[in-house]
Structures are given as structure tokens and as C-alpha cells.
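Q: Okay, here's the structure, questions in a sec.
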Amino acid sequence: MQLFMMKIMRSAFLKNAALGLLTTGLLAACGGGAQSDGDVWSVGTEPGFPPFESITNEGEFEGFDIDLMRAIGEKAGKTIEFENLPFDSLIPALQGGSIDAAISGMTITEEREATVDFSDPYFKAGLAIAVEKGNTEIKTLDDLEGKKIAAQIGTTGADTANSVPGATVSTFDSAPLALQELANGNVDAVVNDAPATLDAIATGNIPGVEVVGELLTEESYGIALPADSENVAAVNAALAELKTDGTYAEIYKKWFGVEPPAQ
Ligand code: GLN
């Protein structure tokens, strides 16, 4: 009889312990993912894109997008936790539900809108061609025919480069790496977002490189959210508030040194 009771107790104990472990495991698994906690938004970004997003020597995220997203979180009553992801995994991560949003200088495109939702536009950008300083041969996209072009993988810059007939396109994980390839003399040009290229040149990180001609495209950045996310409205409301209360202008001035253009 005693033995029998002990067996039951033991099995009950094991069962509880197992359940306990399972719950802890489940909680831990949820803790790393999205929608785990209504007060936290897990936001993906590829922090190799200054002045929009980068990582300081201390390992902190910083940039225009980072400040803007934190301010949006404040208005929406959410804590923002940034997650460092490759640019071309941001949309898959949104689709898979492992992040709640992505802010990464991401252009609102029809192709992307087919799989994710975007906030209202928050920044006007466009693609520019960068070449070696003093190159007088390349002025337009047509001049890139048959040339070697570097771009960042999964970007509108890479798409545009790939549309040039006869061009050889090499893709890199980040825009600075593509620009470095140009500085090293391995390619004839880089097609990349103008503000990011201009920043890389201005900070002296990419010597001997200049931007040519007119912008190739006019693009708008948006915050990407999973398709049909219930948070789109809250993000847009926060963004609108930040524009009217001056916070947006303040963040813009901090990172670009000038007043934002009229919307
Ligand atoms: N705006 C470009 C795009 O969306 C590049 C973004 C980036 O490199 N972070 O494709």
C-alpha cells in the first residue's frame, strides 16, 4: 500500500514537474517572440544603414528610425525592443510572426505591399548612383549598361541595378559593404538610397566616392507590419501626432541638421 502511494505521488510529482518545465519552456519561447506581451513591440531593423539605423560602439541601436520608432512606441504606450536582422529577412520575419514591426529605411513598394502592411510614409528618399570621384562617364542609369554595379541585397537599389541590361550586379549584406567595394575599385558604381550614400560620404567612411546626377527614383519609407496587423492604426495615429507636436521635426533635425521638407 505504501509503495503504491509512493508510486502515485512520484508520478504526480513527475507529471507536475514535467508540466512545470513545459510551461516555463513555453513562456520562454513566447518571451522571445512577437505578441507575447501586449506592452512590448519587437521591431526588426538592419542596423547598417546610417543615419537611419546603426549600432554604437557600446552596442546600442541609434538613428533617425530608432528615435522615431521609440517616439511612436511612447505615444502608443508600448516599449520598443529592437531586433537586429538582415534586411532581406525582415519581411519573412513579419510573415512568420516573430517580430511585430520592421523599421529599416524600407521603401513602400507594391511588391512588398502584397505580403505586408505599411504605415503611412514617414520619409521621402530616392535612389542615387555613386561612382569613383572624377568619373565623368557615368551620369545616368543608361550609362551603367554592361558595367559592374554593387548594391545591398533585397533592396530597391538591387532591383534597379538588376534592371540594367548587361550589367553585372554583386550584392552585399549592407550598404556600406557595397560602397566599400566601389571605394576599393572593384565595381564601377553603387545604386543605393541617396541619404544613406550621402551620409557615408559625409562621415568620411567611404573615401574617393561621389554621387552623380539626379535621383533615379522617388521612394517613401514606411514602417512594415504583418499583413492585417491590428497595430497599423495605432502606428499611424502616433506618427500623425509626432508630426503635429513637433517631435518628428526635432528627430529630423537631430539626424539631418535641417528642418524636414514640407509633407
Ligand atoms: N530603401 C531601400 C529598400 O527598401 C533600402 C533599404 C535599406 O537598405 N535598409 O529597399
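Q: Using amide H atoms built in the peptide plane, which far-off residues or other-chain residues are under 5 Å from VAL209 H to H?
A: LYS133
Q: Could you point to the residue in LEU198, PRO51, GLY96 farthest towards the positive end of the chain's charge dipole, with +1 and -1 charges on the Cβ of Lys/Arg and Asp/Glu respectively?
A: So the residue furthest toward the plus end is GLY96.
Q: With a Förster radius of 25 Å, plug the Cβ-Cβ distance of THR136 and VAL211 into 1/(1 + (r/R0)^6) and report the FRET value to the nearest 0.05.
A: Numbers: r = 14 Å, r/R0 = 0.56.
Efficiency for this residue pair is about 0.95.
Q: A follow-up question, please. Please give the calculated 222 nm ellipticity per residue for the chain, where each DSSP H segment of at least 4 residues contributes -39500 (n - 2.57) and the sum is spread over every residue; nearest 500 deg cm²/dmol? Don't skip to the end; give the middle numbers.
A: Details: 9 runs with 102 residues, N = 263.
Rounded to the nearest 500, the figure is -12000 deg cm²/dmol.
Q: Here's something else I'd like to know. For THR244, THR156, give the ranking by accessible area with the largest first, probe 1.4 Å.
A: On the way: THR244 120, THR156 20 Å².
Accessible-area ranking of THR244, THR156, largest first: THR244, THR156.
Q: So, with a 1.4 angstrom probe, what is the percent of accessible area on region 67-187 that is carbon and sulfur?
A: Numbers: 2380 of 5420 Å².
Of the solvent-accessible surface of region 67-187, carbon and sulfur hold 44 percent.
Q: Figure the gain on full extension for GLU60 and ALA202 (residue separation times 0.36 nm, minus the Cα-Cα span) and round it to one decimal in nm.
A: Details: separation 142, 0.36 × 142 = 51.12 nm, distance 2.20 nm.
That works out to 48.9 nm of additional length.
Q: For THR217, which sequence-distant residues (separation of 5 or more, or a different chain) have an amide H within less than 5 Å of its own amide H, given hydrogens modelled in the peptide plane?
A: Amide H to amide H, under 5 Å and 5 or more residues apart or across chains, THR217 pairs with LEU127.
Q: Please say if region 151-192 is rounded, prolate or oblate, where rounded means a/c under 1.5 for a ≥ b ≥ c the square roots of the C-alpha gyration tensor eigenvalues, and otherwise the choice is prolate for a/b larger than b/c and oblate otherwise? List each step's numbers first, then the result.
A: Details: a/c = 2.29, a/b = 1.22, b/c = 1.88.
Oblate.
Q: Using a 1.4 Å probe, what is the accessible area per residue for region 53-117, in Å²?
A: Details: 2950 Å² over 65 residues.
Per-residue accessible area for region 53-117 comes out at 45 Å².
Q: Highest mean first, how do 61-67, 191-197, 204-210, 138-144 rank when packing is the count of other Cβ atoms within 10 Å averaged over residues? Don't skip to the answer; put the middle values down first.
A: Working: 61-67: 22.4, 191-197: 25.3, 204-210: 14.0, 138-144: 16.4.
Packing order, densest peptide first, comes out as 191-197, 61-67, 138-144, 204-210.
Q: Whole-Hz Karplus ³J(HN,Hα) for region 139-155, in order, using 6.51 cos²θ - 1.76 cosθ + 1.60 and θ = phi - 60°, x for Gly and Pro?
A: 10, 9, 4, 4, 5, 8, 3, x, 9, 9, 10, 10, 8, 8, 4, x, 10
Q: Something else about it: In debye, nearest 20: dipole of region 63-134 around its Cα centre with unit charges on the Cβ of K, R (+) and D, E (-)? Let's see the in-between values first.
A: On the way: 6 positive and 13 negative charges, 46 e Å.
So the dipole magnitude of region 63-134 works out to roughly 220 debye.
Q: For a Förster distance of 35 Å, can you work out the FRET efficiency between the beta-carbons of THR168 and LYS254, rounded to the nearest 0.05? Walk me through the numbers on the way to the answer.
A: Working: r = 39 Å, r/R0 = 1.12.
The computed FRET efficiency comes out at 0.35.
Q: Now for a separate question. State whether region 35-98 is rounded, prolate or oblate according to the following rule on the C-alpha gyration tensor (a ≥ b ≥ c being the square roots of its eigenvalues): a/c under 1.5 gives rounded; otherwise a/b larger than b/c gives prolate, and the remaining case gives oblate.
A: oblate
Q: Still on this structure, please answer the following. Given Cβ point charges of +1 (Lys, Arg) and -1 (Asp, Glu) and nothing else, what value in debye, to the nearest 20, does the dipole of the chain about its Cα centre take? Walk me through the intermediate numbers first.
A: On the way: 15 positive and 40 negative charges, 253 e Å.
Dipole magnitude for the chain comes out near 1220 debye.
Q: Which order do the peptides 118-124, 41-47 take when ranked by the mean count of other beta-carbon atoms within 10 Å per residue, highest first? Please list the in-between numbers first.
A: Values: 118-124: 19.6, 41-47: 24.9.
Taking the mean over residues of other Cβ atoms within 10 Å, the ranking is 41-47, 118-124.
Q: Taking H placed 1.01 Å from N in the peptide plane, check which residues at least 5 places from GLU83 or on another chain put their amide H under 5 Å from its amide H.
A: Amide H neighbours of GLU83, under 5 Å, 5+ apart: VAL43, GLY44, THR45.
The values are calculated or read from the model by the stated rules, or taken from the named source; none is laboratory data. Everything numeric here is computed off the predicted structure, so don't read it as measured data. Here the Cβ is made from the backbone with ideal geometry for all residues, glycine too, and neighbour counts use every protein chain on show. In case anyone asks, the SASA skips ligands and DNA or RNA and just uses the protein heavy atoms, side chains included. Shrake-Rupley method; radii C 1.70, N 1.55, O 1.52, S 1.80 Å.
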